[in-house]
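One structure is given below, encoded as structure tokens.
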Amino acid sequence: MWCSRTALGRLRRIAPCTVTGFHRAMSTLPKVYVTRKVPPDGVDILRKSGQVQIEMWDSDEPVPRLELLKKVKGCDGILCVLTEKIDIQLLEAAGPNLKVVSTMSVGFDHLSLDELKKRGIRVGYTPDVLTDCVAELTVALLLATSRRLTEATHEAKTGGWGTWRTLWLCGHELANSTVGILGLGRIGVAIAERLKPFKVKKFIYTDVAQRVELANMIEAEYVSFDELAEQSDFLAVCCALTPETHGICNWNLFSKMKRNAIFINTSRGGVVNQEDLYKALSTDLIAGAGLDVTTPEPLPTNHPLFSLKNCVILPHIASASYTTRNTMSALAANNLLAGLRGEPMPKELKL
Ligand SMILES: O=C(O)[C@H](O)CO
């Protein structure tokens, strides 16, 4: 039974299935539901542990909500990705056996932390291991936006490339600029470290409180939210999505920014008021925006932001390198197993 595939062939159950006695032993192991086809390193760790019975939604597409609610029933652990809402409905569907939720993401805005805490369910996540990869993509997006790379390749391919022209496709350079970071954590520091060799003049940041240790690493100055808006030539959003940061990048921010400013968001779409951003970009109130994250995801192809030349939109790929995604899946698996053993997790979210 535990080796069979469903008629749809989507659902993979991973466990040895040879002798009956073994079956009986297996059925006493903690049950884990993996909500998505995760990279092989994580699956191998779970399978080789011999510690759990695993059922996995073996697809790149999200598991339908009703199926998810059915599958988590009686589970001891859930390994999920950022598209699965782990909310009160799901926790109730899972029932009292659930001890650990491990998300293969650094972001945790898809988890109802209060509900998890109330139930004593431990939470694992994957910070640090994706920092380099996300910082690298943020720099790539910043350069693509400020130097208008997507516009330029489009022009080259579609006949817009006439003679060399003095101001054609001019953009904004990093040398001598002020780079602002909204929400200074590990990723913000890693972005600044990569940008420094481009001869950035000054790093500034704002956050709910000063981050002295991190700021010292990049010689960044703490400023107010308004000062960040007013002084940044490039503004990178690196804060987590929380009720406090929801929609924080709105008209109030954009209207204070410089006309040459480039806005970059690789955190979560929810921190941006997209209507206000559209207004700011379409009226040249700011020079450009690079977004790796939007609301919703995927952003419908007829969304107004896609019609703007000064908006570069990527499909949430900041952590998308083979190495990083495998490392994230391994960490998520190790978090889950440690949690189920009642041991400290390699990366546990303090609730
Ligand atoms: O939260 C995360 O981990 C990123 O957004 C995707 O890797």
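In the set (1) within 16 Å of the ligand (Cβ to nearest atom); (2) on the phi > 0 side of the Ramachandran plot, the condition left unmet by GLY247 is number (1).
Residue-wise test of (1) open to solvent by 20 Å² or more (accessible area, probe 1.4 Å); (2) assigned to a helix (DSSP H, G or I).
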{"residue": "ALA209", "(1), (2)": "yes, no"}
{"residue": "ASN216", "(1), (2)": "yes, yes"}
{"residue": "ALA229", "(1), (2)": "no, yes"}
{"residue": "ASN252", "(1), (2)": "yes, yes"}
{"residue": "SER267", "(1), (2)": "no, no"}
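Quick one: in the range 275-297, which of the residues that are of a type in the set (Gly, Ala, Ser) and open to solvent by less than 20 Å² (accessible area, probe 1.4 Å) is nearest to the ligand (Cβ to nearest atom)? Step by step, filter the range 275-297, then rank; the result is GLY290. Just a yes or no: is a residue in the range 73-89 in contact with a Phe, Trp or Tyr (Cβ under 7 Å, 6 or more places away or on another chain), under 22 Å from GLU297 (Cβ atoms) and in a strand (DSSP E or B)? For the range 73-89, residues in contact with a Phe, Trp or Tyr (Cβ under 7 Å, 6 or more places away or on another chain), under 22 Å from GLU297 (Cβ atoms) and in a strand (DSSP E or B): present. Against the list (1) away from the ligand (no atom under 16 Å from the Cβ); (2) farther than 18 Å from LEU141 by Cβ; (3) not aromatic (Phe, Trp, Tyr), the condition SER329 fails is (1).
When the range 92-138 is filtered for residues that are surrounded by 20 or more Cβ atoms within 10 Å (Cβ to Cβ), assigned to a helix (DSSP H, G or I) and either modelled with pLDDT under 95 or away from the ligand (no atom under 16 Å from the Cβ) (or both), the ones remaining, listed by number, are ALA94, LEU116. Listed by first and then second residue, the pairs linking a residue in the range 201-219 that is under 17 Å from ILE187 (Cβ atoms) to a residue that is of a type in the set (S, T, N, Q), with Cβ atoms under 8 Å apart and 6 or more places separating them unless they lie on different chains, are PHE203/THR178; ILE204/THR178; ILE204/GLN231; ILE204/SER232; THR206/SER224. Here THR166 meets the list (1) assigned by the TED database to the domain that holds GLY342; (2) open to solvent by 10 Å² or more (accessible area, probe 1.4 Å); (3) in a loop (DSSP other than H, G, I, E, B) almost entirely, failing just condition (1).
Residue check: is PRO300 open to solvent by 30 Å² or more (accessible area, probe 1.4 Å), outside the structural domain of THR178 (by the TED database) and part of a loop (DSSP other than H, G, I, E, B)? No, not satisfied. Scanning the range 81-91 for residues that are away from the ligand (no atom under 16 Å from the Cβ) and of a type outside the set (Asp, Glu) yields ILE88, GLN89, LEU90, LEU91.
Based on what the data block shows, is ALA318 within 30 Å of ARG148 (Cα to Cα) and within 16 Å of the ligand (Cβ to nearest atom)? So ALA318 passes the test.
The values are calculated or read from the model by the stated rules, or taken from the named source; none is laboratory data. As the structure is a computational prediction, the values presented were derived from the model and not from experiment. Heads up, the Cβs are rebuilt from the backbone with ideal geometry, glycines too, and the neighbour counts pull from every protein chain shown. Each accessible area value is taken on the protein alone, full model and side chains, heavy atoms only, with ligands, DNA and RNA left out. Shrake-Rupley method; radii C 1.70, N 1.55, O 1.52, S 1.80 Å.
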